[in-house]
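Here's the structure, in C-alpha cells; my notes come after.
The values are calculated or read from the model by the stated rules, or taken from the named source; none is laboratory data. Everything numeric in this text was worked out from a predicted model, so none of it was measured. Heads up, the Cβs are rebuilt from the backbone with ideal geometry, glycines too, and the neighbour counts pull from every protein chain shown. Please note that ligands, DNA and RNA were not included when accessible areas were found on the heavy atoms of the full protein model with its side chains. Shrake-Rupley method; radii C 1.70, N 1.55, O 1.52, S 1.80 Å.
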Amino acid sequence: MAKGMPAVGWAARDTSGVLSPYSFSRRALKDDDVTIKVLFCGLCHTDLHIAKNEWGNALYPVVPGHEIVGVVTDVGPGVKNFKAGDTVGVGYFIDSCRSCVSCGSGHENHCPTLVLTSNAVDYDGATTQGGFSDVLVVDQGYVVRVPEGLPLDGAAPLLCAGVTVYSPMMEFGLNAPGKHLGVVGLGGLGHMAVKFGKAFGMTVTVISSSPRKREEAVERLGADAFLVSQDSEQMKAAAGTMDGIIDTVSAGHPIVPLLELLKPRGQLVVVGAPSTPLELPAYAIIGGGKRVAGNLVGSVASCQAMLDFAGKHGITADVEVVKMDYVNTAVERLERNDVRYRFVIDVAGSQLGAAA
C-alpha cells in the first residue's frame with residue numbers, strides 16, 4: 001500500500017475551538033488526484049461552528065478550512081486538466097457519489113453523501129482535514145482553476161462565499177441587467193452578492209438592521225439604495241419593488257417583511273443558516289405567488305463559471321490577511337463580526353509548526 005504524504009495543519013481538539021499545530025497524513029496520490037500546496041485559505045463562520053462543535057458533529061481533531069487557493073505540485077497519471085504550477089482552488093466539498101440524481105444532473109453539491117473538505121468521512125473511511133494546512137490531495141474533478149490576474153488572497157473566499165450567492169443568482173434569473181435585487185445582510189456573503197449584482201447590471205438594494213452600514217453599502221460597495229429593516233416606513237415604501245432577494249443573515253430574523261418587498265412571483269433565496277426555524281405563514285407566499293428557496297454553495301461547474309466571471313470583472317472578496325498564529329484571535333473577532341469582510345490565512349507565509 002502506497003504511503004501517504006505528511007502534512008501539517010492547525011486543528012481544534014475540543015469544544016474550546018482553540019486551534020494549534022497538528023501533524024497528520026494526506027492520502028497517497030491516486031491516478032486522478034492533484035497535490036496542491038496551500039497558499040491562502042479563508043475563515044468562514046462554518047469553520048467556527050465546527051471547531052466549537054456548535055452543530056454537534058465535530059470529528060476531533062479537526063483541521064478547518066474550505067476556501068482554498070493553492071498551486072499544483074504533482075498530478076496522478078490520469079489527470080488531464082491540471083499540471084504542476086497551475087493556480088487552483090478547492091471549495092466546500094472534495095467528492096460526491098457520482099451516481100445519484102443530483103450528481104448526474106450536474107448538481108453534485110446536493111449529493112446526499114457529499115464529502116465535505118473538512119470534518120467529514122471520506123469514502124475510504126478517513127476523516128477529511130481542510131485547508132488550514134500546508135498540502136491537499138484532491139480528485140481533479142473537484143478542483144477549479146483560478147483565473148490569472150485575480151489576487152489570490154481575495155480570490156480564496158470566492159470558493160465558498162462567492163459561489164454561494166452567485167449560484168442561485170444564476171439559477172433563478174437574478175442576473176439580468178435592470179432587475180432589482182435585494183441583499184439582506186452586509187457580511188462575507190452579502191458584500192459578494194452586492195458585487196455580483198452590480199457586475200450583472202442590476203439595481204441593488206442592501207437591507208440591514210444596522211443604519212451605520214448605509215455609507216459602506218452605497219458609497220464604497222456601490223449599492224443603489226439602502227433599507228433599514230427595522231424602519232417600517234422605509235420597508236413599506238419599498239414594498240413590491242424587488243425581483244429577487246438574497247438573504248445572507250445567519251441570525252434569527254423574520255422573513256415575512258422581506259417577502260413583502262418582492263414583486264409578484266418574486267424569489268427569496270436563503271443562504272444564511274440561522275439556528276432557529278424560519279417562520280413562514282402560508283399567506284406570505286400565496287398572495288403574489290412568491291417563492292422561497294435555499295442554496296448550498298454551488299456545483300463544481302458553477303464554481304468555475306463564477307471564478308471566470310470574477311476574473312473578467314475583477315471581483316474579489318474584501319479581506320484581512322493574517323498569519324496562522326493569529327487564527328485564534330481571528331476566530332474571536334469573527335464571533336463579534338469584527339472583520340470586513342473575510343479573514344484569509346496566508347498559509348504559505350506562516351510558520352505552521354509541528355505537533356502530534
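Quick look at the numbers
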item: Residue satisfying condition, being at pLDDT 95 or above and at positive phi, within set GLY244, GLY185, GLY197, GLY190; result: GLY185
item: Unmet criterion (only one of (1) over 21 Å from CYS303 (Cα atoms); (2) crowded, with 18+ Cβ neighbours inside 10 Å; (3) among the aromatic types (Phe, Trp, Tyr)) for TYR123; result: (2)
item: Pairs where the first residue, in the stretch 182-200, is assigned by the TED database to the domain that holds ALA273 and the second is among the acidic types (Asp, Glu), C-beta under 7 Å, 6+ apart; result: VAL184/ASP247; LEU186/GLU216; HIS191/ASP318
item: Filter pass, THR329 being polar (S, T, N, Q), within 30 Å of GLY240 (Cβ to Cβ) and surrounded by fewer than 20 Cβ atoms within 10 Å (Cβ to Cβ); result: no
item: Residues (touching a helix residue (DSSP H, G or I) at 6+ places or on another chain (Cβ under 7 Å), outside any strand (DSSP E or B) and among the β-branched types (Val, Ile, Thr)) located in the stretch 138-179; result: VAL146, VAL163, THR164, VAL165
item: Verdict on VAL297 being crowded, with 20+ Cβ neighbours inside 10 Å and at pLDDT 95 or above; result: yes
item: Yes/no for GLY288 being of a type in the set (Gly, Ala, Ser), more than 19 Å from LEU48 (Cα to Cα) and not assigned by the TED database to the domain that holds GLY187; result: no
item: Test for GLU108: is it in contact with a helix residue (DSSP H, G or I) (Cβ under 9 Å, 6 or more places away or on another chain) and under 16 Å from ALA156 (Cβ atoms); result: no
item: Residue in the stretch 82-119 that is most open to solvent (accessible area, probe 1.4 Å), counting only those that are free of Cβ contacts under 8 Å to residues at least 60 places away in the same chain and polar (S, T, N, Q); result: SER99
item: Residue satisfying condition, being modelled with pLDDT of 95 or more, within 19 Å of the chain's Cα centre (by Cα) and on the phi > 0 side of the Ramachandran plot, within set GLY65, GLY70, GLY42, GLY85; result: GLY65
item: Given (1) more than 23 Å from LEU116 (Cβ to Cβ); (2) loosely packed, with under 15 Cβ neighbours inside 10 Å; (3) charged (D, E, K, R), number of the condition ARG291 does not satisfy; result: (2)
item: All positions within the stretch 332-348 that are open to solvent by 20 Å² or more (accessible area, probe 1.4 Å), touching a Phe, Trp or Tyr at 6+ places or on another chain (Cβ under 9 Å) and in a loop (DSSP other than H, G, I, E, B); result: ALA348
item: Tabulated pairs, the stretch 296-312, first at negative phi, second modelled with pLDDT under 95 and of a type in the set (Ser, Thr, Tyr), C-beta under 8 angstrom, 6+ apart or interchain; result: none
item: Filter result (in contact with a strand residue (DSSP E or B) (Cβ under 8 Å, 6 or more places away or on another chain) and in a helix (DSSP H, G or I)) within the stretch 190-232; result: GLY190, ALA193, VAL194, GLY197, LYS198, PRO211, LYS213, ARG214, ALA217, VAL218
item: Single residue of the stretch 165-221 satisfying the filter (among the acidic types (Asp, Glu) and within 19 Å of ILE315 (Cα to Cα)) that is most open to solvent (accessible area, probe 1.4 Å); result: GLU219
item: Residue list for the stretch 11-53, restricted to those being in a strand (DSSP E or B), open to solvent by less than 30 Å² (accessible area, probe 1.4 Å) and either without any contact (Cβ under 8 Å) to a residue 24 or more places away in the chain or under 19 Å from VAL90 (Cα atoms) (or both); result: ALA11, ARG26, ASP33, VAL34, THR35, ILE36, VAL38, CYS41, GLY42, LEU43
item: Residue in the stretch 141-150 that is under 17 Å from LEU307 (Cα atoms) and either assigned by the TED database to the domain that holds PHE200 or at pLDDT below 95 (or both) present; result: yes
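Table: residues versus (1) among the basic types (Lys, Arg); (2) over 22 Å from VAL321 (Cα atoms); (3) in contact with a Cys (Cβ under 6 Å, 6 or more places away or on another chain).
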| position | (1), (2), (3) |
| --- | --- |
| ILE68 | no, no, yes |
| ASN81 | no, yes, no |
| CYS100 | no, yes, yes |
| HIS107 | no, yes, no |
| HIS110 | no, yes, no |
| LEU116 | no, yes, no |
